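Reading through the structure tokens given below for one structure.
The values are calculated or read from the model by the stated rules, or taken from the named source; none is laboratory data. Worth saying up front: this structure is predicted, and the values here are computed from it rather than measured. Note that each Cβ is placed from the backbone with ideal geometry, even for glycine, and that neighbours are counted across all protein chains shown. Accessible surface areas use protein heavy atoms only, side chains included; no ligands, DNA or RNA. Shrake-Rupley method; radii C 1.70, N 1.55, O 1.52, S 1.80 Å.
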Amino acid sequence: MSLRQTDNVPSSHLVHSAGSRFSRIAGTGSYLPPGRVTNQDLVDRLARDGLETSDDWIVERTGIRARHFAEPHVTSSALGLIASQRAIEAAGLQPADIDLIICATSTPDMVFPSNACLIQRDLGIHGCPAFDVQAVCSGFIYALTVADAMIRSGGATKALVVGAEVFSRLLDFTDRTTCVLFGDGAGAVVLEASDKPGIVSSCLHADGQYAHMLNVPGNVSGGSVLGDATLKMDGSSVFKLAVSVLDKAAHEVLDKAGRDPASIDWLIPHQANLRIMQGTAKKLKLPPEKIVVTVDQHGNTSAASIPLALDHAVRGGQVQRGHSLVLEGVGGGFTWGAVLVDY
Ligand code: ACO
């Protein structure tokens, strides 16, 4: 497998000059639904269908110890709403101050309207642009980069960027290679205009030739689901691709800023698999203590995982003002990207 990451890639948007407008993270929030499912709970559930798994296998191969599943009537926008309220409060703002809403999700409540519009409605906000971004597990990186670009170009001043998922709805519980990996949750940040960065640099990439490696091959047609609407994944191919692109993406955003990996205070990768995160940190020559790890507590929550991990690290006192962060994601599409943040 070879990846030509620089093909068709626009040049850096990094411009630092007097009077420039940037964006900064003003507040973070997250939410996990209360239904916590341990590895042992899954061992018991799968055993009822004659499938074997174990806490040892899941912990050793993935680092996951538990995930949260939302109740059947609870949607991703409902999770996103609570994360959003927490982020807005942390930013010291009111919902009415928000003038852009972007929600990253692959498990929206409806085909349309977007989750962003539903969150807008439930926050009581009227009139500002609101739309979803669909880039699977890189969705939050895509959404943050789009929000940053809109703020920098003067199209918004206070953006709510949300990642919200109910991946439990996509799982095939007769496939032990995937159903133990994913969970539900939401995270959000408020990004606001600033005279210094904030979001220092970012990169986004995609290569649809890898669409077959990770997908949910179903859609809605004529009132029913056409195809198979459960998650399919070639785990070992995904693993190799993920480590390769995450290393390149981190270097790309650092290079754009003229910095080296040693300048990173915290690496906040997509929380899919502890071994992928450790492999990425090793390639960057970062000690494991510099990785924010929350995958053990919520599994892979796709577009929600990076803002969940960020909020956890902010509220836990790990990430502090002045720290330099690399956020990075990889997911179905394939899509990948990174954002360098001066928090
Ligand atoms: N419990 C017990 N055994 C299992 C389980 C399970 N839940 N699942 C698979 N096995 C078995 C397999 O059948 C296989 O048995 P065999 O050797 O007798 O055939 C053995 O374990 C090893 O299977 P592998 O697939 O080779 O295991 P691997 O070490 O590659 O780990 C895993 C599998 C965890 C899926 C790994 O490949 C991985 O993490 N891949 C990346 C997944 C990922 O991060 N996806 C998300 C990124 S993109 C996004 O987030 C949407």
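Angle between the Cα long axis of helix 139-152 and the longest principal axis of the chain, 0 to 90 degrees, nearest 10?
So the helix axis and the longest Cα principal axis differ by about 10 degrees.
Can you give the helix-only mean residue ellipticity at 222 nm for the chain, where every DSSP H stretch with n ≥ 4 adds -39500 (n - 2.57) and the sum goes over all residues, rounded to the nearest 500 deg cm²/dmol?
-9500 deg cm²/dmol
In vacuum, with every alpha carbon of the stretch 289-343 counted as one equal point scatterer, what does the Debye formula give for log10 I(q)/I(0) at q = 0.17, 0.28 Å⁻¹? Two decimals, please.
These q points yield log10 I(q)/I(0) values of -0.57, -1.29.
About the Cα centre, and with charges only on the beta carbon of Lys, Arg (+1) and Asp, Glu (-1), how big is the dipole of the stretch 256-343? Nearest 20 debye, please.
200 debye
I'd like to check one number: the per residue accessible area of the chain, probe 1.4 Å, reported in Å² as a whole number. Walk me through the numbers on the way to the answer.
Details: 14160 Å² over 343 residues.
On a per-residue basis, the chain sits at 41 Å².
For the Cα atoms of the chain, what angle does the longest principal axis make with the long axis of helix 274-283, in degrees from 0 to 90, nearest 10?
For 274-283 against the chain, the angle is about 40 degrees.
Percent antiparallel among DSSP beta bridges with both residues in the chain, to the nearest 5?
Antiparallel bridges make up about 75 percent of those DSSP assigns within the chain.
So how exposed is T294, as accessible area in Å² (1.4 Å probe, rounded to 10)?
Approximately 10 Å² for this residue.
Projecting each Cα onto the charge dipole of the chain (Lys/Arg +1, Asp/Glu -1 at the beta carbon, about the Cα centre), which of T38, A91, V341 comes out farthest on the positive side?
Projecting each Cα onto the dipole axis, the largest value belongs to V341.
Could you point to the residue in T107, A313, V326 farthest towards the positive end of the chain's charge dipole, with +1 and -1 charges on the Cβ of Lys/Arg and Asp/Glu respectively?
V326
Calculate, for D56 and K283, the FRET efficiency according to 1/(1 + (r/R0)^6) with r their C-beta to C-beta distance and R0 30 Å; round to the nearest 0.05.
0.65
If I build a Gaussian network model for the chain, linking alpha-carbon pairs within less than 10 angstrom, which residue out of S23, S201, S153 has the largest mean-square fluctuation?
Highest fluctuation among the options: S153.
Give me the one-decimal nm value for the distance between modelled label points at E89 and Q320, 7 Å along each residue's Cα-to-Cβ direction.
That separation, rounded to one decimal, is 2.5 nm.
Counting every Cα pair in the stretch 76-132, what percent are over 14 Å apart?
47 percent
Report the per residue volume, in Å³, of the convex hull enclosing the C-alpha atoms of the stretch 146-288. Present the calculation step by step, with values, prior to reporting the outcome.
Numbers: hull volume 23.3 nm³, N = 143.
Considering the Cα atoms of the stretch 146-288, their hull volume per residue is 163 Å³.
When we measure straight from the Cα of K196, which lysines land under 29 angstrom away, once same-chain ones fewer than 8 places off are left out?
K158, K248, K256, K285, K290
With no solvent and one point per C-alpha, what does the Debye sum give as log10 I(q)/I(0) for the stretch 240-329 at q = 0.10, 0.12, 0.13, 0.22 Å⁻¹?
-0.22, -0.32, -0.37, -1.11
Can you give me the distance in nm between label points at S221 and Q209, each placed 7 Å from the Cα along the Cα-to-Cβ direction?
Result: 2.8 nm between the two label points.
Loop sites only, by DSSP: take the trypsin sites (Lys or Arg not before Pro) in the chain that have at most 12 other C-beta atoms within 10 Å and name the longest stretch containing none of them. Write down the numbers at each step before the final one.
Values: sites that count: R4, R48, K285, R321.
Counting only loop sites that pass the neighbour cut-off, the longest clear stretch is 49-284.
Note down the magnitude of the dipole of the stretch 149-221 about its Cα centre, charges +1 on Lys and Arg C-beta and -1 on Asp and Glu C-beta and zero elsewhere, to the nearest 20 debye. Before the final figure, lay out the partial values.
Values: 5 positive and 7 negative charges, 41 e Å.
Charge dipole of the stretch 149-221: 200 debye, to the nearest 20.
Protein chains only, probe 1.4 Å: how do F69, F22 rank by accessible area, largest first?
The ordering from most to least exposed comes out as F69, F22.
Dividing the convex hull volume of the Cα atoms of the chain by its residue count, what figure in Å³ per residue is obtained?
136 Å³
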